[in-house]
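Take a look at the structure below.
The values are calculated or read from the model by the stated rules, or taken from the named source; none is laboratory data. The model shown is predicted, which means the values in this text are computed figures rather than measured ones. Ideal geometry is used to build each Cβ from the backbone, glycine not excepted, and the neighbour counts take in all protein chains shown. In case anyone asks, the SASA skips ligands and DNA or RNA and just uses the protein heavy atoms, side chains included. Shrake-Rupley method; radii C 1.70, N 1.55, O 1.52, S 1.80 Å.
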Amino acid sequence: MTRNYELDDVKAVMRRVASALSESENELTKLDQALGDGDLGITAVKISDALLVYIKDARDDAGNDLGRFISGAGMAANRVASSTMGTLLATAAMRAGRVVKGADSIAPAQLGEMLNQAGQGMRERGKASLGDKTILDAIFPAAEAFSAALANDKPLAEAARKMVDAAKEGRDAVTPLRSKIGRAGWIGERGQGMLDPGCQLCVIVLEAMANSPVHGNPGR
């Protein structure tokens, strides 16, 4: 039987995400050097470190409002990573936290809406659209696939796998395209066929979440 998630579960997922971000520094740096400012790996490590400190310093009553706790993680990330992607990820966490504001547990059915709202927040902040070859092209298909799987009574672990698969498919679908937003947009046709760093970061984060024992997977 599927259970709701509590503070320790949320912390466990955040720790796994932090580890994945740190381990991906070189990969993200190389991707961003080709299409962006080249600082995405540094941003990922800064956010990783900030999340670990935030979890460690969390108040004893943090579990009384998981929405506030998740939003607070976004604010912690924003304080240390003021780059474009840092701001987008912070916005994503804060918007996701709104979905469960005031709750002391999170129902699995709410997770898809949290992902969707995270994407909506990034879309509004970044002024991008689907098809512009940005992180949105990974997160929105992931949210849709995850929600659909749960609505069809699929086990949580299977829904999480479908979420990651959809994010990868979204990433790969826009890889042949020209980027339209930010510095990547200046490169023009030279960016066609290059993996979008934001899409890949989204896949990395979602894979870390999906491979967490909290989601019914054994982890790696």
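Things worth noting here:
- Filtered by the rule that a residue be in a helix (DSSP H, G or I), touching a residue at least 40 places away in the same chain (Cβ under 8 Å) and closer than 15 Å to Val205 by Cα, segment 115-135 gives a lone residue, Leu115.
- Cross-chain or 6+ apart pairs with Cβ under 6 Å, segment 84-99 first and closer than 15 Å to Tyr54 by Cβ, then polar (S, T, N, Q) and open to solvent by less than 30 Å² (accessible area, probe 1.4 Å): Gly86/Thr43; Met94/Ser71; Gly97/Ser71
- Hits in segment 28-47 (condition: out of contact with any Ser or Thr (no Cβ under 8 Å at 6 or more places or on another chain) and open to solvent by 80 Å² or more (accessible area, probe 1.4 Å)): Lys30, Gln33, Lys46
- Flag for Ala173 being out of contact with any Gly (no Cβ under 8 Å at 6 or more places or on another chain), without any contact (Cβ under 8 Å) to a residue 40 or more places away in the chain and assigned to a helix (DSSP H, G or I): yes
- Filter pass, Ser82 being modelled with pLDDT of 95 or more and either of a type in the set (Asp, Glu) or more than 30 Å from Gly193 (Cβ to Cβ) (or both): no
- Looking only at segment 110-142, residues that are surrounded by 24 or more Cβ atoms within 10 Å (Cβ to Cβ) and touching a strand residue (DSSP E or B) at 6+ places or on another chain (Cβ under 9 Å) come to 1 in all.
- Extreme residue, nearest to Thr43 (Cα to Cα), among residues of segment 53-83 that are free of Cβ contacts under 8 Å to residues at least 24 places away in the same chain and acidic (Asp, Glu): Asp57
- Identity of the residue in segment 53-95, among the polar types (S, T, N, Q) and in a loop (DSSP other than H, G, I, E, B), that ends up most open to solvent (accessible area, probe 1.4 Å): Ser82
- Close pairs from segment 149-170: first touching a residue at least 40 places away in the same chain (Cβ under 8 Å), partner surrounded by fewer than 14 Cβ atoms within 10 Å (Cβ to Cβ) and in a helix (DSSP H, G or I), Cβ under 8 Å, at least 6 apart: Leu150/Ala109
- Residue match in segment 8-27 (condition: free of Cβ contacts under 8 Å to residues at least 60 places away in the same chain, polar (S, T, N, Q), crowded, with 17+ Cβ neighbours inside 10 Å and in contact with a Leu (Cβ under 7 Å, 6 or more places away or on another chain)): no
- Residue-level analysis places Arg125 outside the set of residues that are at pLDDT 95 or above and within 20 Å of Gly198 (Cβ to Cβ).
- The condition (being buried (at least 20 other Cβ atoms within 10 Å of the Cβ) and within 17 Å of the chain's Cα centre (by Cα)) is satisfied by just one residue among Ala145, Ala149: Ala145.
- Test result for Asn4, of a type outside the set (Phe, Trp, Tyr), open to solvent by 50 Å² or more (accessible area, probe 1.4 Å) and touching a Gly at 6+ places or on another chain (Cβ under 9 Å): no
- Ala50 vs. criteria closer than 19 Å to Ser24 by Cα, open to solvent by less than 30 Å² (accessible area, probe 1.4 Å) and either of a type in the set (A, V, I, L, M) or modelled with pLDDT under 95 (or both): yes
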